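A.B. asks: Quick one: the structure is below, questions incoming.
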Amino acid sequence: MKAEWTKEMADVVGENKLLLDEASLEKYSKDYYWYSPILDSKLKNKKADGIVRVSSEEEVVQVLSFAYRRKIPVTVRGAGTGNYGQAVPLEGGIVLDVSGLDKIIELGEGYARLQCGVKMGVLEKKARKQNQELRIYPSTFVKATIGGFVSGGSGGIGSITWGNLWNGNVLEAVVYTLEEQPRRLVVQGEELADYIHNYGTTGIMTELLIPLSTKTEWLQSVISFDSLKASLLFADAIANTDEIRKRLVAPMEWPIPSFFTPLIKHLEQDAHAVLLETEDGTLSVLSALAQSFGGRVSYVIAADQYHEVLGLSDFTWNHTTLWALKTDSTFTYLQSGFSPESFLEQATKIKKQYGDEVLLHFEWTRGRGKVVPIALPIVKYTTEQRLYEIIGFCKSIGVSINDPHIWTLEGGAGGEMNGMQRKKLDNDPLGLLNPGKIEMRE
Ligand code: FAD
């Protein structure tokens with residue numbers, strides 16, 4: 001049954017901007033929450049009442065003002081590639097598709113000013129033509145929007161050098177509130193933490209200013225090891241070597257590399273693999289360092305093939321989980337932070353406790369200047385109880401967990417909760433922005 005507000009909404013934005021057919025309602029109400037069997041069972045029936053596709057700031061304002069007057073929930077959507085049901089409308093209402101706000105407003109020296117719907121892959125290509133590049137981007141960069149990344153992501157390729165979204169990688173955001181007269185806020189500095197990774201609950205970003213770095217020619221390589229321990233020590237050594245510029249340091253325990261079907265012919269059987277992006281010209285240094293840890297270079301993609309053919313980053317970050325799921329749909333994953341000092345002991349304890357039930361996939365990153373191994377382990381899923389036993393064990397040995405099986409900001413992947421909760425009250429007094437994803441606290 002059509003919601004009673006749809007006719008009026010069509011009058012506001014025009015019929016061609018409002019999708020009400022069942023297929024569209026289904027498609028635009030989903031993201032990649034099904035990576036989690038727990039979220040899958042809880043979110044699969046959630047659906048919007050209407051999809052509104054906007055392509056200008058004025059239209060965003062019209063929709064928000066209308067939603068306020070009629071008390072309709074609004075869930076923003078970029079490309080819908082989030083993993084925790086961030087873009088799933090728990091209470092129906094409007095899904096606001098902002099992917100049409102896709103103008104690159106300015107590509108300046110060291111920065112880009114963008115509408116929120118710009119795809120990060122498009123930006124990376126354009127920037128590289130001007131001898132610049134993105135500092136950080138998710139492995140979904142071909143599809144993902146900059147607004148969706150800032151509002152729903154955390155880090156990715158480049159985080160080994162530049163850190164995550166909170167480490168100076170967002171300079172300014174234009175944000176709209178959900179009120180009768182939506183306010184246009186220009187947010188900078190520390191206040192950005194109230195909006196980064198907010199799931200669209202504290203405001204809607206229409207424009208972003210992000211820093212760019214100078215273009216580097218990136219060589220991609222896979223280094224193979226017979227021992228997991230050696231692969232992790234090598235990854236840590238590379239990550240901590242400032243002389244080698246890098247964008248990616250991703251160790252994968254065997255059999256994870258066997259899930260990478262398009263890559264498998266280039267990989268060694270039974271070998272743990274470290275996937276790297278390092279500056280062109282570093283191969284001999286890499287090779288010598290690999291040898292000193294008992295490893296060898298087993299596959300190289302030349303720098304002139306960067307972004308031209310399927311790259312190694314397509315097998316890292318949460319793409320690793322995707323390849324595992326393609327192989328066996330009973331896999332799921334965790335998001336965890338290991339200790340920079342005792343990651344090896346922690347990894348050994350997990351392997352001893354769980355064997356092949358937990359397969360280790362790490363991404364070395366830099367957080368506030370410090371090199372930190374984070375991991376997205378692949379977990380063989382049996383029951384919710386068992387999954388939480390594993391989470392409990394990880395925590396008991398000092399491995400922090402950002403639970404990807406929860407859709408609320410408080411319970412899941414984090415962010416600056418106090419600031420976000422304050423902004424929620426100021427900017428969305430009726431609690432209509434993506435309701436159910438953050439607690440309303442007086
Ligand atoms: P969406 O999924 O559309 O939105 C994400 C959240 O932001 C939602 O809550 C939405 O309501 C909100 N939102 C969207 N646009 C706006 C806006 N303009 N204003 C306010 N709120 C908004 N994430 C990483 O951080 N790093 C990774 O490396 C990574 N790898 C991934 C790999 C795979 C295979 C998959 C499936 C996911 C991965 N993700 C990763 C998660 C996700 O792809 C990224 O965070 C991506 O940047 C989200 O962009 P999107 O446009 O798809 O956002």
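A.B. asks: About the Cα centre of the chain, how large is the charge dipole given +1 on each Lys and Arg Cβ and -1 on each Asp and Glu Cβ? Please answer in debye to the nearest 20.
C.D. replies: Charge dipole of the chain: 260 debye, to the nearest 20.
A.B. asks: Normalised radius of gyration for the chain, please: alpha carbon Rg relative to 2.2 N^0.38 Å, two decimal places.
C.D. replies: 0.98
A.B. asks: Helix-only mean residue ellipticity at 222 nm, the chain, DSSP H runs n ≥ 4 weighted -39,500 (n - 2.57), per residue, nearest 500. What is it?
C.D. replies: One gets -8000 deg cm²/dmol as the mean residue ellipticity at 222 nm.
A.B. asks: In whole Å, what are the extents of region 199-357 along the principal axes defined by its C-alpha atoms, from largest to smallest?
C.D. replies: Sorted from largest, the Cα extents of region 199-357 read 48, 39, 34 Å.
A.B. asks: Net charge within 14 Å of residue 366 by Cβ-Cβ distance, Lys/Arg positive one each and Asp/Glu negative one each, not counting residue 366 itself?
C.D. replies: Counting the neighbours of residue 366, the net charge comes to +3.
A.B. asks: In the neighborhood of residue 303, defined by Cβ-to-Cβ distances under 9 Å, what is the net charge if each Lys or Arg adds +1 and each Asp or Glu adds -1?
C.D. replies: Around residue 303, the charge tally is -4.
A.B. asks: Suppose we keep just the alpha-carbon trace of region 305-442; what are its Rg and Dmax in angstrom?
C.D. replies: Cα-based Rg and Dmax for region 305-442 come out at 17.7, 54 Å.
A.B. asks: Would you mind computing Rg(Cα) / (2.2 N^0.38 Å) for region 132-184, counting N as its residues?
C.D. replies: 1.34
A.B. asks: Distances over 20 Å make up what percent of all Cα-Cα pairs in region 149-242?
C.D. replies: 52
A.B. asks: Please name which of 433, 407, 359 has its Cα lying farthest along the dipole of region 327-442 towards the positive end, using unit charges on Cβ (Lys, Arg +1; Asp, Glu -1) and the Cα centre as origin.
C.D. replies: 359
A.B. asks: Still on this structure, please answer the following. Cβ neighbours within 10 Å, averaged per peptide: list 21-32, 3-14, 42-53 in order, most packed at the top.
C.D. replies: Put in order of decreasing packing, that is 42-53, 21-32, 3-14.
A.B. asks: Across region 352-366, in residue order, what do the Karplus-derived ³J(HN,Hα) couplings come to in whole Hz, using 6.51 cos²θ - 1.76 cosθ + 1.60 with θ = phi - 60° and x for Gly and Pro?
C.D. replies: With coefficients 6.51, -1.76 and 1.60, one gets 5, 6, 10, x, 6, 5, 10, 9, 8, 10, 10, 9, 7, 9, 10 Hz.
A.B. asks: To the nearest Å, what is the center-to-center distance of region 277-296 and region 201-270, using C-alpha atoms only?
C.D. replies: Centre-to-centre distance over Cα atoms comes out at 14 Å.
A.B. asks: Moving to a separate point now. Would you kindly work out the equivalent ellipsoid of region 341-392 from its C-alpha gyration tensor and give its semi-axes, the square roots of five times the eigenvalues, largest first in whole Å?
C.D. replies: 23, 12, 9
A.B. asks: Which loop-located trypsin sites (Lys or Arg not before Pro) does region 171-226 contain, where loop means any DSSP state but H, G, I, E or B and the Cβ has at most 15 other Cβ atoms within 10 Å?
C.D. replies: Sites meeting the loop and neighbour criteria: 183, 215.
A.B. asks: If the viscosity is 1.567 mPa s and the temperature 4 °C, what Stokes-Einstein diffusion coefficient in µm²/s follows for region 1-69 when Rh is the Kirkwood radius over Cα pairs?
C.D. replies: Value of D from the Cα-based Kirkwood radius: 97 µm²/s.
We did not get these values from a lab; they are worked out from the coordinates using the rules stated. Please read all numbers here as calculations on a predicted model, not as lab measurements. No Cβ is skipped: glycine too gets one built from the backbone with ideal geometry, and neighbour counts run over all protein chains shown.
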